[in-house]
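Take a look at the structure below.
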Amino acid sequence: MQGDDDPAPGYYVSTTALYDPDNPKVRDPRRYVNAEEIPYIVLHPQALHFARLGDFATVVNLQNGKTAGAIVADESTASVRVGEGSIALANELGIDSDPRFGGKAKGVAYVVYPHSGNGRPRDLAEILDNSEQLFEAWGGLEKLTTCSAE
């Protein structure tokens, strides 16, 4: 539970598998990636055989065309389907961001750039800049449209 000097005293700390190793305080919420501020995705454990925590990604809402840069910040359990994202990511994509009832069952594409990160959290500007550059180098929306059509 967060203490008096934390951002939300009395509330529980919401952790992510990606964290700042320079902050040794496991009960400090600033050690972890903030779901309300940082667009991030959660990968299935098997996907982490190819990509790793801290890698960059681009996520596209195929229904409205909105695109967002993101970082891989968490790992799901083996029984959970792939496709989770942070509150900030949902907001960027025009998806209901309510943690309990929001989300979208289909129509979202994830492009992850394996070994593009450094295994550490990044600030929003770094995530957006790197993800945009990597997406364009990969082929951008044109390639994604081709891939999803196949």
Residue satisfying all of: in segment 52-70; more than 12 Å from residue 116 (Cα to Cα) and part of a loop (DSSP other than H, G, I, E, B); nearest to the chain's Cα centre (by Cα) among these: 66
Sole residue being of a type outside the set (A, V, I, L, M) and on the phi > 0 side of the Ramachandran plot, chosen from 54, 117, 85: 54
Unique match (being among the aliphatic types (A, V, I, L, M) and within 15 Å of residue 127 (Cβ to Cβ)) among 109, 47, 90, 68: 68
Residue in segment 103-150 that is surrounded by the fewest Cβ atoms within 10 Å (Cβ to Cβ), counting only those that are farther than 21 Å from residue 90 by Cα and of a type in the set (Ser, Thr, Tyr): 146
Unmet requirement for residue 58, which otherwise passes all of (1) of a type in the set (S, T, N, Q); (2) farther than 16 Å from residue 135 by Cα; (3) crowded, with 21+ Cβ neighbours inside 10 Å: (2)
Which numbered condition residue 22 fails, given (1) surrounded by 14 or more Cβ atoms within 10 Å (Cβ to Cβ); (2) modelled with pLDDT of 95 or more; (3) touching a Lys or Arg at 6+ places or on another chain (Cβ under 9 Å): (1)
Those residues of segment 71-106 which are assigned to a loop (DSSP other than H, G, I, E, B), among the aliphatic types (A, V, I, L, M) and free of Cβ contacts under 8 Å to residues at least 24 places away in the same chain, in sequence order: 105
For residue 79: the one exception among (1) surrounded by 13 or more Cβ atoms within 10 Å (Cβ to Cβ); (2) modelled with pLDDT under 95; (3) polar (S, T, N, Q); (4) over 18 Å from residue 33 (Cα atoms): (1)
Residue 15 vs. criteria part of a loop (DSSP other than H, G, I, E, B), free of Cβ contacts under 8 Å to residues at least 40 places away in the same chain, touching a Phe, Trp or Tyr at 6+ places or on another chain (Cβ under 7 Å) and not hydrophobic (A, V, I, L, M, F, W, C): yes
Candidate set from segment 107-150 (those that are assigned to a helix (DSSP H, G or I) and of a type in the set (Asp, Glu)); member that is farthest from residue 53 (Cα to Cα): 142
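The values are calculated or read from the model by the stated rules, or taken from the named source; none is laboratory data. Nothing here was measured: the structure is a model prediction, and the numbers come from that model. Cβ coordinates were reconstructed from backbone atoms using ideal geometry, including for glycine residues, and neighbour counts include every protein chain displayed.
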